[in-house]
1. Quick check: at a probe of 1.4 Å, how many percent of the accessible area of region 196-261 sits on carbon and sulfur atoms?
2. Using a 1.4 Å probe on the protein heavy atoms, what percent of the accessible area of region 334-373 belongs to carbon and sulfur?
3. Considering only 413, 383, 370, whose Cα is most displaced toward the positive end of the charge dipole of region 356-505, charges sitting on Cβ of Lys, Arg (+1) and Asp, Glu (-1)?
4. Label points 7 Å out from Cα along the Cβ direction at residue 295 and residue 436: separation in nm?
5. At 1.4 Å probe size, put 186, 172 in order of accessible surface, largest to smallest.
6. Any of 89/204; 339/364; 339/448; 366/481; 420/511 with alpha carbons more than 29 Å apart? Name them for me.
7. Given R₀ = 41 Å, FRET efficiency for residue 214-residue 493 by Cβ-Cβ distance, to 0.05?
8. Suppose every K and R has +1 on its Cβ and every D and E has -1 on its Cβ; what is the size of the dipole of region 356-505 about the Cα centre, in Debye to the nearest 20?
Amino acid sequence: MEDCFSSDDDCYSDRDSLDGLDNEDSGSHWAPSKGPSSRVITKESLLAAQREDLRRVMELLSVREHHARTLLIHHRWDVENLFAVLVEKGKGSLFMEAGVSLVDHQDLGLPLPPTVMCEICIEDVPSGDTTRMDCGHCFCNDCWTGHFVVKINEGQSKRIKCMAHKCNAICDEVVVRNLVSKTHPDLAEKFDRFLLESYIEDNKRVNWCPSAPHCGNAIRIEDDDFSEVECSCGLQFCFSCLSEAHSPCSCLMWELWVKKCRDESETVNWITVHTKPCPKCHKPVEKNGGCNLVSCICGQAFCWLCGGATGRDHTWSSIAGHSCGRYKADGEKKAERAKRDLYRYMHYHNRYKAHTDSFKLESKLKETIQEKVSVLEERDSRLRDFSWVHNGLYRLFRSRRVLSYSYPFAFYMFGDELFKDEMTDKEREIKQHLFEDQQQQLEENVEKLSKFLEAPFDQYEEDRVMKVRMQVINLSAVTDKLCQKMYECIENDLLGPLQLGIHNIAPYRSKGIERASELSVCWGNKVNNSDKAVPLHCGSNGRTTESDQPSGSGSSDESGFSSRKRPRKDSSGGGKHPRKDGSGGGFFDLNLPAADIVERSEL
């Protein structure tokens with residue numbers, strides 16, 4: 001959609017000029033950081049992120065990695081939910097529902113006879129050419145391999161069940177990998193890749209970054225599902241619907257708005273209001289004169305009042321042989337409804353488009369602002385700190401975005417498409433006045449802030465610059481407070497009483513959309529009982545030891561502006577920059593088997 005902020009490469013990111021906020025004079029308005037709420041999972045850290053959850057389950061339940069993975073895939077990699085089911089239903093029920101077979105069979109430890117009859121192909125095969133799973137069922141390797149190949153090609157490689165009738169046990173991934181790799185090495189690699197990417201595909205707290213072309217990253221959120229995040233590639237998006245960041249609109253509202261702006265529904269409404277269909281060729285005809293007898297280009301004459309076909313004979317007052325003076329309520333109501341809906345849509349769309357255009361034009365201010373600051377810095381003045389300029393510019397962008405998206409929200413909140421039966425007309429009117437009052441206050445202060453920042457204050461005297469400074473600082477604090485109040489109004493007074501779970505919005509953040517911190521790759525040299533490397537903690541809870549700063553902190557240049565495309569520096573030795581000594585996390589190929597990846601990480 002061309003109106004969207006993220007479609008313009010020149011658009012200013014929410015995190016630009018964010019560093020100076022901590023030094024602003026009105027710093028008391030900024031909420032303290034609660035630490036990063038999202039993590040970037042790169043190709044290099046995907047395996048480490050997966051093994052962190054595997055380790056937690058393996059340690060708690062004392063199971064092998066294969067069984068831990070089966071349990072996690074069944075519970076969509078939600079460790080907390082898995083533990084809750086364990087407490088509620090017990091270990092036996094937990095394992096049975098997930099297809100984990102840990103039943104002690106007395107014959108599992110006994111050697112097989114020299115020859116075994118495979119119940120699939122009904123042939124006697126040497127015991128060395130058979131494989132027995134944890135559930136106790138034993139079949140020949142050829143049948144197992146054929147079964148695995150079919151399931152992998154069908155896309156069921158993450159949960160391949162035993163071939164035995166009514167057996168729901170999940171086959172050991174090591175056995176699957178070993179048998180398939182002998183005859184189909186390409187499918188073995190595909191199998192490993194599916195297992196690895198299941199952490200993203202099946203995990204409700206992890207989503208791929210929707211960037212195009214794809215950056216290859218995924219985002220893992222730590223708390224709120226309905227949040228807006230920024231990938232390390234610079235793209236800001238809604239984690240829930242993967243479209244551009246759109247709060248205070250809910251995901252459903254934004255989806256309907258985008259569709260409404262893209263399709264031709266409003267063009268159809270305009271045609272309905274301003275034209276009449278020809279009764280012969282059915283093409284829309286627009287009236288360009290005062291006479292109610294109109295002619296189509298096909299030659300058919302008809303009455304403009306009722307649309308009925310007529311002859312061409314008429315007087316100043318009537319058409320020969322035609323009368324349509326009787327009132328038809330349905331036709332009039334339909335035309336009036338279409339006209340009202342069109343004007344209502346144009347009201348909200350024009351204001352949404354106006355603020356979107358203002359945002360794009362104001363994005364060019366950052367270069368102009370930097371030039372003004374450079375001029376002021378060259379002066380011999382007592383004013384040496386110009387962070388207020390950058391902070392005011394950031395607050396302008398942030399508030400302008402909120403203001404722009406508030407119009408699609410109001411269009412659906414107070415319309416008939418979503419909440420027609422949820423509010424009475426009186427309740428809708430009261431809520432609309434409450435919201436529009438706050439929207440108007442925000443709009444007035446945003447325009448004032450824009451005016452002061454666009455002013456040529458680099459040409460002002462020092463006293464006048466000090467006045468502009470105080471105005472910008474005050475307006476920055478006021479617009480931030482008004483944005484917070486608008487979100488509180490939406491959550492508590494508008495959407496809250498409706499008790500609808502489908503219209504959740506991302507919470508408002510004074511410092512803008514938080515950039516997800518990269519999950520570092522740290523591997524230990526110790527190997528557990530199952531010969532698998534176990535990831536060590538990087539900081540607390542397996543996270544990076546870099547400071548938990550909000551997005552933009554520590555990444556801006558000296559002027560206070562940050563580049564969306566600037567490569568991140570990795571101080572922990574992990575991530576995208578492997579250490580030469582091999583102790584840090586290096587690159588690995590997702591197409592490689594997991595066992596090979598682990599072996600390389602231990603070298």
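1. 53
2. Values: 1160 of 2250 Å².
Here it works out to 52 percent.
3. Of the listed residues, the answer is 383.
4. Calculated label separation equals 4.7 nm.
5. Numbers: 186 105, 172 20 Å².
Putting 186, 172 in descending order of accessible area: 186, 172.
6. Numbers: 89/204 22 Å; 339/364 38 Å; 339/448 35 Å; 366/481 23 Å; 420/511 35 Å.
Beyond 29 Å: 339/364; 339/448; 420/511.
7. Numbers: r = 40 Å, r/R0 = 0.97.
In this case the efficiency is close to 0.55.
8. The calculated dipole for region 356-505 is roughly 460 debye.
The values are calculated or read from the model by the stated rules, or taken from the named source; none is laboratory data. Computed from a prediction, not measured in an experiment: that's the story for all the values here. FYI the Cβ positions are ideal-geometry reconstructions off the backbone, even for glycines, and counts take in every protein chain you see. We work out accessible area using only protein heavy atoms, side chains counted, and drop any ligands, DNA or RNA first. Shrake-Rupley method; radii C 1.70, N 1.55, O 1.52, S 1.80 Å.
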